[in-house]
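Engineer: Provided herewith is a single structure, encoded as structure tokens, for subsequent inquiry.
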Amino acid sequence: MSLTLANLSVTRQNGRETLRGVSLTVTPGEFIGLIGPNGAGKTTLLRATQGLLPATGTSSLAALTPTQRARAAAFLPQSREIAWDLTVETLVTLGRTPHAPSEADATAVTKAIAQMALTPHAQRRATRLSGGEQARALIARALAQETPLLLADEPIAGLDPAAQIATMQLFAQLAHEGRAVLASLHDLSLAARHCTRLVVLHEGRIAADGPPEQVLTPQLLSEVFHITGSFVFTDHGALFTPTGLT
Amino acid sequence: MTPTRLYTALGALTVALFLASLTTGPASLPIPEALSALVTQSDGPATMVMREIRLPRALLAALIGASLGLSGAAMQGYLRNPLAEPGLIGVSATAALGAVIAIQTGLAAAYAFALPAAALSGAAIATLALLALAGPRGTALTLILAGVAFSALAAALTSLVLNLSPSPYAAAEIVFWMMGSVADRSMTHVALAAPFILAGMALILPLGRGLDALTLGEDAAASMGTRLHRMRLALVLGVAASVGAGTAVAGAIGFVGLVVPHLLRPLTGHRPSTLLIASALGGAALLLAADTATRLVFPERDLKLGVVTALIGAPFFFHLVWRLRGRL
């Protein structure tokens, strides 16, 4: 299942256009890094894609009924809310909400908990975990939804380096298995290293779209991010490093 | 504890307290005689006491307790805030205002349904305005402030109605009525309130799955297929119908919706959906127990049920404030 956005625009109540005519197609097998400075419209794009915001233009996802949509795409919001003292296992089970109860539920939950390395914490209260562990539990919830598409808003913010790399590798693996991931990211090095494609948002518009090496040009880095940076070609492949401010 | 075992235990407790309520009262009836008078047809005084005094009283206590417990659990789940409670945040007070206006204007005497309708409208207006003011993202502080404002406004307007009341006796009667009680109610009261209470509860009970999903916030819940607008509407109508109808026949009975979910939450694994049914059963049990207690503690004085629940509930509120303070 692929996701198609055509000319998606969002205008806030105060008249500010936070998303301007974004057209994008996400196909199975892609791990897309959605990058851009603060306020570029990354969160707005992820929310409007699902119809969580009033928007003009079309999104193939927003056109579905809520239940169909919930089975097509899982969403990991940026705000990490856990209102009640649920156990990690119960919290991850919430990801099964859109599905009719079945034996697949327990399997999906156990697998998602293991994928985020939370098996030893499964019976702990999610609110008592550290911030990073809570973030991982919430990612596990989205994984347990077992959707062809995963939308994640800054999934690796606040994670330790090992968890950041593990999560990026997991998302790449999901894409490799034929699913699709669209994740907003701030770490350009990790994005360049693990994503199959980068989409750069700048002031609500797509400024660049393509493989990391073609997108992260000195000109784009300077215009959009106000930084310099370069690719270093090593035995581990091409690594991107930001080097300074412009 | 599994949900089924918890429901069974609470259900058994409710049934036991219901029987206790039926067999407690100033007319000294031995328990077997009391229960047989309830089920056998006769014109004796025992049958009259059981069917026309004790049965409506126990039924109303169970129904109103269940609706208050359920409403409290549902509002707390929706607002993700353990302080939400129909009595505390002004829903009961505005329902009482609606009822007082209906009584004072004579509407209640003219049309039997004017009383629940007026109380229900008051409750609906308050619930809608509260959700709009405090909002699902509102903090505990916003909600309590909005609730205090509503309670104060409703109390002021109720005082105004009483103030302008032509007869001091009517005013005194209303003051007593507002303290909240299920004593001396007839089956007519039950027939008047039960349909609204049951309909309101039927609207709230299916919301469990959505309330569970809301644990992770609105966006996450929506992305998991929860229709938030529909849920909000069902919640508002459900709380207004059940609390409004209960207040119309029994006055304002506070704190049940605060105490019951608070006590039962740890037993439900903090899961909002499990808490809904548990709180309905627990609310019925608490109100039956409190109402029976009013007859046992001061048998010769007419102790009001609302006074007892407030005496039980207020310390819980202190406890909650203390805990929240520790977390900030």
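The values are calculated or read from the model by the stated rules, or taken from the named source; none is laboratory data. Just so we're clear, the structure is a prediction, and the values are computed from it rather than from any experiment. Counting neighbours? That spans all protein chains shown, and the Cβs are built from the backbone with ideal geometry, glycine included. We work out accessible area using only protein heavy atoms, side chains counted, and drop any ligands, DNA or RNA first. Shrake-Rupley method; radii C 1.70, N 1.55, O 1.52, S 1.80 Å.
Engineer: Rounded, prolate or oblate for chain A? Axes are the square roots of the Cα gyration tensor eigenvalues, ordered a ≥ b ≥ c, and the cut-off for rounded is a/c under 1.5.
Structural biologist: Oblate is the answer for chain A, as a/c is 1.5 or above yet b/c matches or exceeds a/b.
Engineer: If you average the alpha carbon positions of the range A:74-138 and of the range A:16-47, how far apart do those two centres end up, in angstrom?
Structural biologist: If you average the Cα positions of each part, the centres end up 26 Å apart.
Engineer: Probe radius 1.4 Å, ligands and nucleic acids left out: which of B:L164, A:L221, B:L203 has the largest accessible area, and how do the rest follow?
Structural biologist: My answer, sorted largest first, is B:L164, B:L203, A:L221.
Engineer: Let me ask something else. Let me test this: with uniform point scatterers at the alpha carbons of the protein assembly as shown, what is the Debye-based log₁₀ I(q)/I(0) at q = 0.06, 0.10, 0.11, 0.13 1/Å?
Structural biologist: For the protein assembly as shown, the Cα-only Debye profile gives -0.39, -0.87, -0.98, -1.22.
Engineer: Here is a follow-up. Label-point separation (nm) for B:L153 and B:E300, each offset 7 Å from Cα along Cα-to-Cβ?
Structural biologist: The answer from the label model is 4.6 nm.
Engineer: Just give the residues from the range A:71-94 buried by at least 40 square angstrom of accessible area in the all-chains context relative to the isolated chain, probe 1.4 Å, and say none if nothing qualifies.
Structural biologist: Residues passing the criterion (a loss of at least 40 Å², heavy atoms only) are A:E81, A:A83, A:W84, A:D85, A:L86, A:L94.
Engineer: What does the range B:197-328 give for Rg and for Dmax, in Å, if only its C-alpha atoms count?
Structural biologist: Cα-based Rg and Dmax for the range B:197-328 come out at 16.9, 58 Å.
Engineer: Any idea what diffusion coefficient the range B:261-311 gets from Stokes-Einstein, in µm²/s, Kirkwood Rh on alpha carbon pairs, 25 °C, 0.890 mPa s?
Structural biologist: 202
Engineer: So what are the ³J(HN,Hα) numbers for the range B:220-228, from phi and the Karplus equation (6.51, -1.76, 1.60; θ = phi - 60°), rounded to whole Hz, Gly and Pro as x?
Structural biologist: 5, 5, 4, 6, 9, x, 6, 8, 5
Engineer: Can you sort B:H319, A:H194 by solvent-accessible area, 1.4 Å probe, largest first?
Structural biologist: B:H319, A:H194
Engineer: With θ taken as phi - 60° and the coefficients 6.51, -1.76 and 1.60, list the Karplus ³J(HN,Hα) couplings across the range B:242-253 in order, rounded to whole Hz; mark glycine and proline as x.
Structural biologist: Going residue by residue, I get 6, 5, x, 5, x, 5, 4, 9, 10, x, 7, 10 Hz, with x marking Gly and Pro.
Engineer: With bins 5 Å wide starting at 0, give me the P(r) of the range B:57-327 over every alpha carbon pair, in whole percents.
Structural biologist: Values per bin, smallest distances first: 1, 7, 14, 19, 20, 17, 12, 6, 3, 1, 0, 0.
Engineer: Let me ask something additional. Note down the relative contact order for the range B:57-327 as a percent, whole number, built from C-alpha pairs under 8 angstrom at least six residues apart.
Structural biologist: Reported as a whole number, the value is 35 percent.
Engineer: Between B:L216, B:L162, B:L198, where does the largest GNM mean-square fluctuation fall for chain B, given springs only between Cα atoms within less than 10 Å?
Structural biologist: Of B:L216, B:L162, B:L198, the most mobile in the Gaussian network model is B:L216.
Engineer: Rounding to the nearest 10 and keeping the result within 0 to 90°, find how far the Cα-based axis of helix B:3-22 lies from the longest principal axis of chain B.
Structural biologist: 30
Engineer: Ok, one more. Could you check the spin-label model distance between A:T56 and B:L38? Points 7 Å from the Cα along Cα→Cβ, value in nm.
Structural biologist: Going from the A:T56 label point to the B:L38 one covers 6.7 nm.
Engineer: In chain A, what percent of the accessible surface is made up of carbon and sulfur (1.4 Å probe, ligands and nucleic acids excluded)?
Structural biologist: Heavy-atom surface of chain A belonging to carbon and sulfur, 1.4 Å probe: 52 percent.
Engineer: If one computes the Cα centroid of the range A:176-239 and of the range B:24-53, what distance in Å separates the two points?
Structural biologist: A separation of 81 Å, based on Cα centres.
Engineer: Here's a follow-up. Trypsin sites (Lys or Arg not before Pro), restricted to the range B:150-255: which are DSSP loop and have at most 16 other Cβ atoms within 10 Å?
Structural biologist: Filter output for the range B:150-255: B:R227.
Engineer: Shifting gears a bit: How much accessible area is lost when chains A and B come together, counting both sides, with a 1.4 Å probe, in Å² rounded to the nearest 100?
Structural biologist: Using a 1.4 Å probe on protein heavy atoms, the buried area is about 2200 Å².
Engineer: Where in the range B:268-285 does accessible area fall by at least 10 Å² between the isolated chain and the complete protein assembly, at a 1.4 Å probe radius?
Structural biologist: Checking the loss per residue gives B:G269, B:H270, B:R271, B:P272.
Engineer: Something else now. Note the angle between two axes, namely the Cα long axis of helix A:161-176 and the longest principal axis of the Cα atoms of chain A, as a number of degrees from 0 to 90, rounded to the nearest 10.
Structural biologist: 90
Engineer: First compute the accessible area of chain B with a 1.4 Å probe, then give the percent of it belonging to carbon and sulfur atoms.
Structural biologist: 72
Engineer: On average, how much accessible surface per residue is there in the protein assembly as shown, in Å², for a 1.4 Å probe, leaving out ligands, DNA and RNA?
Structural biologist: Normalised by residue count, the accessible surface of the protein assembly as shown is 43 Å².
Engineer: Which ³J(HN,Hα) values, rounded to whole Hz and listed in residue order, are derived for the range B:85-92 from phi using the Karplus coefficients 6.51, -1.76 and 1.60 in 6.51 cos²θ - 1.76 cosθ + 1.60 with θ = phi - 60°, glycine and proline given as x?
Structural biologist: Whole-Hz 3J(HN,Hα) from phi for the range B:85-92: 7, x, x, 5, 9, x, 5, 5.
Engineer: For the pair A:E17 and A:L239, how long in nm is the line joining their label points, each one 7 Å along Cα→Cβ?
Structural biologist: Output for this residue pair reads 4.1 nm.
Engineer: Relative contact order for chain A: what is it in percent, counting Cα pairs under 8 Å that are at least 6 residues apart?
Structural biologist: Across chain A, relative contact order equals 24 percent.
Engineer: List the residues of the range B:221-250 that lose 20 Å² or more of accessible area once all protein chains are present, compared with their chain alone (1.4 Å probe, heavy atoms only, no ligands or nucleic acids).
Structural biologist: Correct list: B:A222, B:S223, B:M224, B:G225, B:R227.
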